[in-house]
Amino acid sequence: MLEDTKQMNNVAEYLCKTTEKFPNKVAFLDTGGGFLFSELNEYAKRIATVIIKKTDGITNEPIAVRMKKSKECIAAFMGVVYSGNYYCPIDLTMPSSRIEVIFETLRPIVVIEQEENQDQDKEKSIIYNECMNIQYDDELINCQLNKIISVDPLYVLFTSGSTGVPKGVVVSHASVIDYTEWLSDTFGFNENNVFGNQAPLYFDNSILDIYSSLRNGSQVYFIDEKLFSFPKQLMMTLKENGVNTIFWVPSALISIADSGVLHENPELPQLEQVLFCGEVMPTKQLMKWRKRYTNTFFANLYGPTEITDVCSYYVVERDYADDEILPIGKACKNTEILIINEKNKIANIDELGEIFVRGIGVAKGYYRNKDRTQSAFVQNPLHDDYIDICYKTGDIAKVNQEGNVIYVGRKDNQIKFQGHRIELGEIEAAAMSVKNVIRVCAVYADVRKKIILFIVLNTELERVGEKEIYKSIKAKLPKYMLPSEIIIKDELPLNVNGKIDRVKLREVANEGYIKENSRGN
């Protein structure tokens, strides 16, 4: 472990210190090979030198990185940091119209690309490979780094907005340093960790892999995205590359558990830690993992992008029944979670309320979007004595008798139906307890004014019909919460971050009604 990191001003110090300690150790590895820490440091400095000279030493400005997930992309990120600026990863697969919207908001001073793009602004463009042909200038770089203070932005990540317009979440060096230190202290990360990276680099879950490696001298293996469609090959890849730590979205873990490969595959004795975050992890599939890897540590992490990835965690230390909900646990160190009820007071035990988060991990707001920032980053509702900003998550939760936070669902998934307030997450939890069910999503079809439940069944078990599923759910839910319609599908659509695409399913739920009425007109 590194020492004297508590007073750091910027994350570049992680790479500098780790390079001194582990110069000849592979840091980031993909199908094209790996970078040693010394190589990563050198390549980042070359990129930084090009940026500094191209921009006449401007600092604290946005730089877009439009490259595929790779070790080279990490060098680009750190090159931006060494230049005294902040980076914004751009998903190469997103529609050009969305990229245009992001660029209009971001207004980057420079765009780093893997290769020349005919559509790019030549004046702003930096080609990665061309940077590798120059000598870096330590004096220039050190001058830029000395200008950074810990509250300056480190990155901007654009997430989907409820209005369809992407939101750029601004996160500081201080927030990432605080998070990275907490990870190392809590999970004991060190130079022996080998992370199997699943998250795209424009998704906040990747922050754990990247900065834990830079801090501790760990190794990160970038798993080819295609392998997640081939569970057997995926598990063999983990074994062959010595991956002992994974931090994945639950969808990836669910897919493997449901494929049956956990029983077929060879042992993974090196798999020490399985962490997950990003959506609800069903206990049914989690127990399959626990039963297969009895010596592995499992933890459920929770947090939106706006609080630097994670603000609470729960270590799984016992078995759970299929109809039990896994807690999201308790707040991370240096973070406080407030469950605020409708009266703007702290909710009582087992009383529902909205999650508010305060602490150094809270983001600096949404990039060039003052109105949305002020609506989500608000004064602590418990007092007006001084400025005390909380992030208002929109997530509904409660605290149980053990003091653990139980996530219930999204505020926008909380509906008013036939005079009753309903959490769609409760319907999903009831459906997941049905034996043959492996994936669920409940949506409110606002056009049809109906609750629609989408279900995926285990094809290896005897097929059950909608009537049997409805009967099982009816035994667990009050009448007003029962779905109007159950639709069995082969699979559920996922968004770019690997989560169930609820927007798409809501469209599907309304589609039949819309088509029927459009024909009538």
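Region 140-218 holds no strands (runs of 3 or more DSSP E) entirely within its bounds that carry 2 or more residues that are of a type in the set (D, E, K, R) and buried (at least 23 other Cβ atoms within 10 Å of the Cβ). Taken as a whole, the structure leaves Gln135 outside the set of residues that are outside any strand (DSSP E or B), in contact with a helix residue (DSSP H, G or I) (Cβ under 8 Å, 6 or more places away or on another chain), of a type in the set (S, T, N, Q) and surrounded by 20 or more Cβ atoms within 10 Å (Cβ to Cβ). When restricted to residues that are under 27 Å from Cys143 (Cβ atoms), modelled with pLDDT of 85 or more and either open to solvent by 70 Å² or more (accessible area, probe 1.4 Å) or not in a loop (DSSP other than H, G, I, E, B) (or both), region 83-123 contains 10.
Among all positions in region 289-312, there is no residue which is open to solvent by 30 Å² or more (accessible area, probe 1.4 Å), in contact with a Phe, Trp or Tyr (Cβ under 9 Å, 6 or more places away or on another chain), under 19 Å from Ile406 (Cβ atoms) and not in a helix (DSSP H, G or I). In region 367-386 there is at least one residue that is open to solvent by 50 Å² or more (accessible area, probe 1.4 Å), of a type in the set (Gly, Ala, Ser) and not in a strand (DSSP E or B).
Among the residues making up region 496-510, those that are more than 20 Å from Gln414 (Cβ to Cβ) and open to solvent by less than 60 Å² (accessible area, probe 1.4 Å) are Asn497, Gly498, Val508. In the set (1) under 20 Å from Ile207 (Cβ atoms); (2) in a helix (DSSP H, G or I), Ile63 fails one condition alone, (2).
The values are calculated or read from the model by the stated rules, or taken from the named source; none is laboratory data. Small disclaimer: the values here were computed from a predicted structure and weren't measured. Methodologically, a virtual Cβ is constructed for each residue, glycine included, from the backbone with ideal geometry; neighbour enumeration extends over all protein chains shown. For accessibility, only protein heavy atoms count, side chains too; no ligands or nucleic acids. Shrake-Rupley method; radii C 1.70, N 1.55, O 1.52, S 1.80 Å.
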